[in-house]
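**Student:** Below is the structure I would like to discuss, written out as structure tokens.
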Amino acid sequence: MILYPAIDLKDGQAVRLLRGAMDQATVFNTDPAAQARAFEAAGCHWLHLVDLNGAFAGQPVNGAAVEAILAATSVPAQLGGGIRDMATIEMWLTRGIARVILGTVAVENPDLVRQAARAFPGQVAVGIDARKGRVATKGWAEETDVMVTDLARAFEDAGVAAIIYTDIDRDGAMGGPNVQATADLARATSIPVIASGGVSSLADLMALRDTGVIAGAISGRALYDGALDLAEALATLA
């Protein structure tokens, strides 16, 4: 199981939100590139980047910070937030992002996801963010009637590299991930599932890993708060 340290970008800084609320942002590092270097130095194999402003704006906003991270590190990075058309997908992949994460557009324009996955094999992931089993979009601001498993299954044969599943009510709350719901989703689809939201301890990582069906886990606040030591976590998972 791969551990993805998260760098959430708001106004050019590395922050964490509480349950997705933009007015509940804690700044953890004013230099995201330095944060990325620290994660790489600890031994991570991937980075997980989110353009929070972009998720609300529907287009990239923290591009300069993302490019600074790419310039400062050599590990692959996946990026989500504000990526809603083919031009933006192409732009980020050309600039060195290893994998783009499509969230809102996966609900509103699933054909674009299929088209992108065909055009860029292995480089397109779907972000599924949910409250109580239902998908939320536009930076989690809008809730839909779409069920998580239905959305995942819709991309079963599309060539999507991964599904990043976030339980919004757990995100940034340090209360542990929704292991059961994530494992259920992983068993319901053949697409690799990455857990996000609430991963706050070594025990959380072990619980996700021990399901035997979850491909990765994303952690942010716990790494910044010191509740989770990245080097120790990576060694344990290895």
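The values are calculated or read from the model by the stated rules, or taken from the named source; none is laboratory data. Since the structure is predicted, the reported quantities are computational estimates derived from the model, not experimental observations. Note: ideal-geometry Cβ built from the backbone for every residue, glycine included; neighbour counts use all protein chains shown. Heavy atoms of the whole protein, side chains included, go into the accessibility calculation; ligands, DNA and RNA do not. Shrake-Rupley method; radii C 1.70, N 1.55, O 1.52, S 1.80 Å.
**Student:** Which residue is nearest to ARG131 (Cα to Cα), if the candidates are limited to the range 169-189 and must be assigned to a loop (DSSP other than H, G, I, E, B) and more than 17 Å from the chain's Cα centre (by Cα)?
**Tutor:** Taking the candidates together, the pick is GLY175.
**Student:** Is the range 135-142 home to any residue that is polar (S, T, N, Q), over 17 Å from ILE164 (Cα atoms) and surrounded by fewer than 23 Cβ atoms within 10 Å (Cβ to Cβ)?
**Tutor:** Among the residues of the range 135-142, not one is polar (S, T, N, Q), over 17 Å from ILE164 (Cα atoms) and surrounded by fewer than 23 Cβ atoms within 10 Å (Cβ to Cβ), which makes the answer no.
**Student:** So, one more: If a residue must be without any contact (Cβ under 8 Å) to a residue 60 or more places away in the chain, open to solvent by less than 30 Å² (accessible area, probe 1.4 Å) and over 21 Å from ALA38 (Cβ atoms), how many such residues does the range 57-95 contain?
**Tutor:** So the answer is 7.
**Student:** When you check VAL193 against the structure, is it under 27 Å from ALA57 (Cα atoms) and either charged (D, E, K, R) or modelled with pLDDT of 95 or more (or both), yes or no?
**Tutor:** yes
**Student:** Does GLY54 meet the test of being farther than 28 Å from LEU237 by Cβ and either in contact with a Pro (Cβ under 9 Å, 6 or more places away or on another chain) or buried (at least 19 other Cβ atoms within 10 Å of the Cβ) (or both)?
**Tutor:** yes
**Student:** In addition: Considering (1) of a type outside the set (Val, Ile, Thr); (2) outside any strand (DSSP E or B); (3) open to solvent by 30 Å² or more (accessible area, probe 1.4 Å), say which one ALA36 fails and leave the rest.
**Tutor:** With respect to (1) of a type outside the set (Val, Ile, Thr); (2) outside any strand (DSSP E or B); (3) open to solvent by 30 Å² or more (accessible area, probe 1.4 Å), ALA36 is out only on (3).
**Student:** Looking only at the range 150-187, count every residue that is within 14 Å of VAL213 (Cβ to Cβ) and either out of contact with any strand residue (DSSP E or B) (no Cβ under 7 Å at 6 or more places or on another chain) or of a type in the set (Gly, Ala, Ser) (or both) and tell me the total.
**Tutor:** Final tally of qualifying residues: 9.
**Student:** Quick check on this structure: which one of ALA217, ALA195 is in contact (Cβ under 8 Å) with a residue 60 or more places away in the chain, closer than 30 Å to ARG118 by Cα and crowded, with 24+ Cβ neighbours inside 10 Å?
**Tutor:** Of ALA217, ALA195, the one residue that is in contact (Cβ under 8 Å) with a residue 60 or more places away in the chain, closer than 30 Å to ARG118 by Cα and crowded, with 24+ Cβ neighbours inside 10 Å is ALA217.
The rows are residues; the columns are (1) under 20 Å from ALA162 (Cα atoms); (2) touching a strand residue (DSSP E or B) at 6+ places or on another chain (Cβ under 6 Å); (3) at pLDDT 95 or above.
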{"position": "THR189", "(1), (2), (3)": "yes, no, yes"}
{"position": "GLY198", "(1), (2), (3)": "yes, no, no"}
{"position": "LEU202", "(1), (2), (3)": "no, no, yes"}
{"position": "LEU208", "(1), (2), (3)": "yes, yes, yes"}
{"position": "ASP225", "(1), (2), (3)": "no, no, no"}
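**Student:** Same structure, new question: Only residues in the range 1-12 that are over 25 Å from THR236 (Cα atoms) count as the first member; pair them with residues that are of a type in the set (Gly, Ala, Ser), Cβ under 6 angstrom, at least 6 apart or cross-chain, and list the lot.
**Tutor:** LEU9/ALA65; LYS10/ALA25; GLY12/ALA65
**Student:** Given the condition under 15 Å from ILE101 (Cβ atoms) and part of a helix (DSSP H, G or I), answer yes or no: does some residue in the range 215-238 qualify?
**Tutor:** Among the residues of the range 215-238, not one is under 15 Å from ILE101 (Cβ atoms) and part of a helix (DSSP H, G or I), which makes the answer no.
**Student:** Just checking, does the range 64-73 include any residue being under 17 Å from the mean Cα position of the chain (by Cα) and within 23 Å of ILE128 (Cβ to Cβ)?
**Tutor:** Scanning the range 64-73 turns up at least one residue that is under 17 Å from the mean Cα position of the chain (by Cα) and within 23 Å of ILE128 (Cβ to Cβ).
**Student:** I'd like to know if the range 10-19 contains one or more residues that are among the acidic types (Asp, Glu) and open to solvent by 20 Å² or more (accessible area, probe 1.4 Å).
**Tutor:** Yes.
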